[in-house]
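Since every read-out is calculated from the coordinates, none of them should be taken as a lab result. These numbers come from a predicted model, not from an experiment. Here the Cβ positions follow ideal geometry from the backbone for every residue, glycine too, while neighbour counts run over all protein chains shown.
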Amino acid sequence: QKPESLETAFELISRKGLKKGIDYLIAKNLLTRSPKHVSSFLRVHQSSIDPVILGEYLGEGGIDGIDKDYWNLIRFYYVRAVSFVGMNIEKALRHFLTNCGFRLPGEAQRIDRVISTFSQCYWEDNAGDIANCPFQDQDTCFLVAFAIIMLNTDLHKSQPSKSKTLKRMTRSEFIANLRHVCAADK
């Protein structure tokens, strides 16, 4: 019955979303509601889940305090399974976004949640390693990671119509945007 239930769950995931598939597995007692168990399931089966659907799920925020904590823990356990030790932030972010089985969601709030969790885990792995993590706190890691994503988005945005010209961010504009992010740079 377990393989049939998993097949049904993956069908539900592809047709109705990851929440419905997870709820089905919980109802069938194949998974507990524990954030650690849910994130482990997502990690083990990430190759069977559409990366866009997984990204949207990981970006969920919750409604109230307990619900928000639940989603934060799912995200944390999912990301915490990855080691960023000894990586600079660019390499760690590239590894995170290309090797972790999901695509960043399109909504800014969801991106914010995912990158916030990445920043927390990156900071935990590299705080004190000045060569790879020259930042004073986790918030600075978040701002730099988000800025790198924005720069990448700017670099790869589609060509405008003939009536508009495309202005890409220059290196000096990027540096100027981040100049006073770290208190040590003031």
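Here are the numbers for this structure:
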quantity: Karplus 3J(HN,Hα) series, Hz, for the range 38-51 with 6.51 cos²θ - 1.76 cosθ + 1.60 (x for Gly, Pro); calculated: 5, 5, 5, 4, 4, 5, 5, 10, 4, 5, 9, 10, 4, x
quantity: Dipole magnitude of the chain about its Cα centre (Cβ charges: Lys, Arg +1; Asp, Glu -1), debye to nearest 20; calculated: 600 debye
quantity: Integer Hz, Karplus 6.51/-1.76/1.60 couplings in order for the range 111-128, x for Gly and Pro; calculated: 4, 4, 5, 5, 6, 4, 5, 4, 4, 4, 5, 4, 4, 4, 7, 10, 4, x
quantity: Residue 14/residue 37 FRET efficiency (R0 22 Å; Cβ-Cβ; nearest 0.05); calculated: 0.55
quantity: Which label in (i) 20.3; (ii) 17.1; (iii) 18.2 gives the computed Kirkwood radius over Cα pairs in Å; calculated: (iii)
quantity: Extent along principal axes [Cα atoms of the range 50-158; Å; largest to smallest]; calculated: 38, 38, 21
quantity: Computed FRET value (nearest 0.05) for residue 150 with residue 27, which takes r as the C-beta separation and R₀ as 45 Å; calculated: 0.65
quantity: Extension gain (nm, one decimal) between residue 88 and residue 174, 0.36 nm per residue minus Cα-Cα; calculated: 29.2 nm
quantity: Unit charges at the beta carbon, dipole of the range 1-129: most positive-side option, 78, 24, 3; calculated: 3
quantity: Helix-only [θ]222 nm of the chain, DSSP H runs n ≥ 4, -39500 (n - 2.57) each, per residue, nearest 500; calculated: -19500 deg cm²/dmol
quantity: Hz values of 3J(HN,Hα) by residue in the range 20-36 - Karplus curve (6.51, -1.76, 1.60), Gly and Pro given as x; calculated: 5, x, 5, 4, 4, 4, 5, 4, 8, 6, 9, 8, 9, 6, 4, x, 5
quantity: Compactness relative to 2.2 N^0.38 Å, alpha carbon Rg of the range 57-118; calculated: 1.13
quantity: Distance between modelled label sites at residue 130 and residue 2, nm, 7 Å Cα→Cβ extension; calculated: 5.2 nm
